[in-house]
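Here is the structure we will look at.
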Amino acid sequence: MVAGVETHVESAGTDDDGRQAAGHVRMFGPLTISRDGVVQELAASRKLRALFAYLALAPHPVSRSRLCELLWDVPNDPRGELRWCLSKLRRVIDDPHRQRVVTAGEMVALDLAGWQVDVRDMVAACAAGIEALPPERLHPLARLFVGDFLEGLEIDRSPHFDNWLLAQRRHFRAAHVAILERIVATLPAGDDAALPYLEKWIAVAPFEDRPHIALLAALARRGQIAAGDEHVTATARLFEAEGLDVLPLRAAWRSLRERRAPGPSVAQAETAVHLTAEVRPASGGGTPDLMVAPRASQRASLAVMPFAEEGQTGEVRAGGAGAAGARGGLADGLTHDIITRLAKLRNLFIIARGSVFALAEQGVMPDEAARRLNVDYIATGSVRQSHGRVTISIELVEARTARIVWAEVFDHKLDKAFLVLDEMGNRIVASIANEIEMVERNRAVLLPPNSLDAWSAYHRGLWHMYRFTRSDNEQAQHFFQRAVGLDPTFARAHAGLSFTHWQNAFQHWADRKQEIDRAFETASQSLMADEHNPAAHWAMGRALWLRGRQTDSLAELERAVDLSPNFALGHYALSFVQSQSGDPRAAIRASDHSRHLSPFDPLLFGMLGARAMSHVRLGQFEEAAEWALKAATRPNAHVIILAIAAHCLGLAGRVEEGRAFAAAIHKTLPHYRIDDFLQTFQFPADAAALFRQGAKHVGLG
């Protein structure tokens, strides 16, 4: 097995399967390689150590040219130096009957199967999700942090390696914080064992509110008010020296002193953290009041840090976080554009541009910025222009667990700069929003139903809604109703409720007239809650389509994508309406654009199905059949999508395939016929005639 991230923590001295490890690698602290308990001597070369560390963490073999670019600043013979380093590594890690340094032509990799590597254990834990790890896994992970990642290993004139090293250190520091926080949360109330972890947490993240508040909660539980006062005073001086706001910390301590209620220290700290978010100026000025009632709807929060702008040699120029020099370059422009577009979606709390750029100017690293801003997610990226191309790398991280939620590299020829950046910006914004929504949906499913706030209830509803069954639609409706009951101003929850009524009408799961009216009413409530939310106009557009008001429907859907051009569901809904009685070519363009923005969307089957129906109206039956097949093979495709496939295949002359879909439909709906299909949609007479022709071929006539 080539070095990767599949290992996990068992016990000291064992490999992935519990066997005695063939060797041990420690990268937290100075790099140390040992075999049979004996530390192996490495040649006195920083680049040799850097090469080993990079290959040990690489999930795939790395090219020699990449390694030369990474570590050597145009020496006389970079490949010769690389060969020398590899030969030195072979002497240390190769076994008598097994080569650990694997070379195959241009590619190089390390085979560390059977070795215990501390950093690989940590990477695997982060990938699995630290919040999901049991306590017995957390403590061994915490003990791995005996120092910084590759402590003392900096290399002059190697900007690519320096950037990689800095990113790894940030990532592992955030993982350390997440592990310490999780350990404290899992310890029993009043357990003195939490104090060392709290102190370590504060040492690792001294400028974050959460560990200080957790410690203060523990002190309040013990009645150690004087110790808490001293800690607040000392921490306030530290915060003020860094120009940080100490008001939330003081407010939390004041609340804890007054409450001093029994319960887990972290639970108290969680309450205090939420309370600090509600500090408002007092009505008469002076000391702010602490709003004790928590908010009913707490949207997920995101900070998009200024993208780094790299030159051809990899150096960071103006535009990156902490970069020196004047701002305003391509990277800054892209960052500003992404922040603005995400804000227009109105489904996340987006930190304003001024705040993230101010932190970047202070040289604050992204993980530290996430803690200072107390956000759930943080996005970082870089922009590089070289040889007429632009490459944008981006990473989305769950701040409290250090888990990488999504990462992507976009590369494009820079022939039309503004169009290229606009297209990339669209894809980045849609991807970030979709990935966060998926994480929030999955998290909400795991929460006890009686603990859901409006935000969690909404995402629990989405989870059921996207399963597209009658029973799940009923469950989705229940959770959306709960969300709007907790927060009547939650526009997207009203829109979700409208969607469930729309499904009931569309799928004939309930009284159609009543459900059409309810879809319209709840869409109206969504608009009243927030008329600038694209989801509200999306819901209204679909509701108007149910009422047969196509012109008004298209106007609402156009308004949705005007408000947020990155709103994939808005483009899909335009395609859906146009594919039936509007412009089929416009429907194809809208379908393609919606899939481009959200290639893994839960409604992807609908995007593909709309394209198939458009091809039928254009007389392109073979194309219709191919797109309909793609729609029908989606895992959540419902019976109407199968019906589209059956009819399109019949029109294309692929009768046996079409009859197979018809048989699948009849297993669920034995009496389903073409009239049921046509009653679902709103086709003009000529298009309806085509589908009737296809139905005769496949047994649905």
Notebook entry, point to check: more than 16 Å from the chain's Cα centre (by Cα) and closer than 13 Å to His171 by Cα, is that true of Glu395?
Noted result: no
Next item on the list: State whether the residues of the stretch 143-158 include one that is among the small types (Gly, Ala, Ser) and over 30 Å from Pro188 (Cα atoms).
Entry: yes
Check: Do we have Arg585 as within 26 Å of Ile641 (Cβ to Cβ) and not assigned by TED's automatic domain parsing to the domain that holds Met607 here?
Finding: yes
Check: Across the stretch 442-468, what is the number of residues that are surrounded by fewer than 15 Cβ atoms within 10 Å (Cβ to Cβ) and either at pLDDT 90 or above or among the hydrophobic types (A, V, I, L, M, F, W, C) (or both)?
Finding: 3
Next item on the list: Determine which member of the set Glu531, Glu521, Glu423 is surrounded by fewer than 16 Cβ atoms within 10 Å (Cβ to Cβ), in the same structural domain as Lys344 (by TED's automatic domain parsing) and not aromatic (Phe, Trp, Tyr).
Entry: Glu423
Notebook entry, point to check: Residues in the stretch 611-630: is at least one buried (at least 24 other Cβ atoms within 10 Å of the Cβ) and either modelled with pLDDT under 95 or closer than 27 Å to Gly461 by Cβ (or both)?
Noted result: no
Margin query: Looking at the structure I just gave you, is Phe499 under 21 Å from His532 (Cα atoms), hydrophobic (A, V, I, L, M, F, W, C), crowded, with 22+ Cβ neighbours inside 10 Å and at pLDDT below 95?
Written below: no
Item checked: Hey, Leu55 modelled with pLDDT of 90 or more and out of contact with any Asp or Glu (no Cβ under 7 Å at 6 or more places or on another chain) or not -> yes
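For every residue, the table says whether it meets (1) within 23 Å of Glu242 (Cα to Cα); (2) at pLDDT below 90.
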site: Ser158; (1), (2): no, yes
site: Arg169; (1), (2): yes, yes
site: Val177; (1), (2): yes, yes
site: Leu180; (1), (2): no, no
site: Leu187; (1), (2): no, yes
site: Gly190; (1), (2): no, yes
site: Ala194; (1), (2): no, yes
site: Leu198; (1), (2): yes, no
site: Pro206; (1), (2): yes, yes
Item checked: Residue identified as under 29 Å from Thr340 (Cβ atoms), of a type in the set (A, V, I, L, M) and part of a helix (DSSP H, G or I) among Ala519, Ala560 -> Ala560
Next item on the list: Could you grab me the full set of residues in the stretch 477-524 that are within 17 Å of Leu569 (Cβ to Cβ) and in contact with a His (Cβ under 7 Å, 6 or more places away or on another chain)?
Entry: Ala519, Thr522
Note to self: Only one of Ser581, Ser526 is crowded, with 20+ Cβ neighbours inside 10 Å and either closer than 17 Å to Ala343 by Cβ or in contact (Cβ under 8 Å) with a residue 24 or more places away in the chain (or both). Can you tell me which?
What the structure shows: Ser526
Notebook entry, point to check: Pairs under 6 Å by beta carbon, first residue without any contact (Cβ under 8 Å) to a residue 60 or more places away in the chain and at negative phi in the stretch 660-682, partner among the charged types (D, E, K, R) and part of a helix (DSSP H, G or I), six or more apart or different chains?
Noted result: Ile674/Arg692
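Residue-wise test of (1) at positive phi; (2) of a type in the set (A, V, I, L, M, F, W, C); (3) more than 27 Å from the chain's Cα centre (by Cα).
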| site | (1), (2), (3) |
| --- | --- |
| Pro134 | no, no, no |
| Glu154 | no, no, yes |
| Arg169 | no, no, no |
| Ile183 | no, yes, no |
| Val204 | no, yes, no |
| Phe207 | no, yes, no |
| Ala217 | no, yes, yes |
| Ala220 | no, yes, yes |
| Ala226 | no, yes, yes |
Margin query: Please go through (1) closer than 30 Å to Thr186 by Cβ; (2) at pLDDT below 90; (3) in contact with a Lys or Arg (Cβ under 6 Å, 6 or more places away or on another chain) for Leu133 and return the number of the only condition it doesn't satisfy.
Written below: (3)
Checklist line | Residues of the stretch 41-59 that turn out to be out of contact with any Lys or Arg (no Cβ under 9 Å at 6 or more places or on another chain), over 22 Å from Leu166 (Cβ atoms) and not acidic (Asp, Glu), as a count | finding: 1
Check: Can Ser598 be described as under 26 Å from Asn473 (Cβ atoms) and of a type in the set (Gly, Ala, Ser)?
Finding: yes
Check: Can you name the helices (runs of 4 or more DSSP H) wholly within the stretch 365-478 that have at least 3 residues being of a type outside the set (Gly, Ala, Ser) and touching a strand residue (DSSP E or B) at 6+ places or on another chain (Cβ under 6 Å)?
Finding: 417-446
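The values are calculated or read from the model by the stated rules, or taken from the named source; none is laboratory data. Remember, predicted model here, so these are calculated numbers, not experimental data. We place every Cβ from the backbone using ideal geometry, glycine too, and count neighbours over all the protein chains shown.
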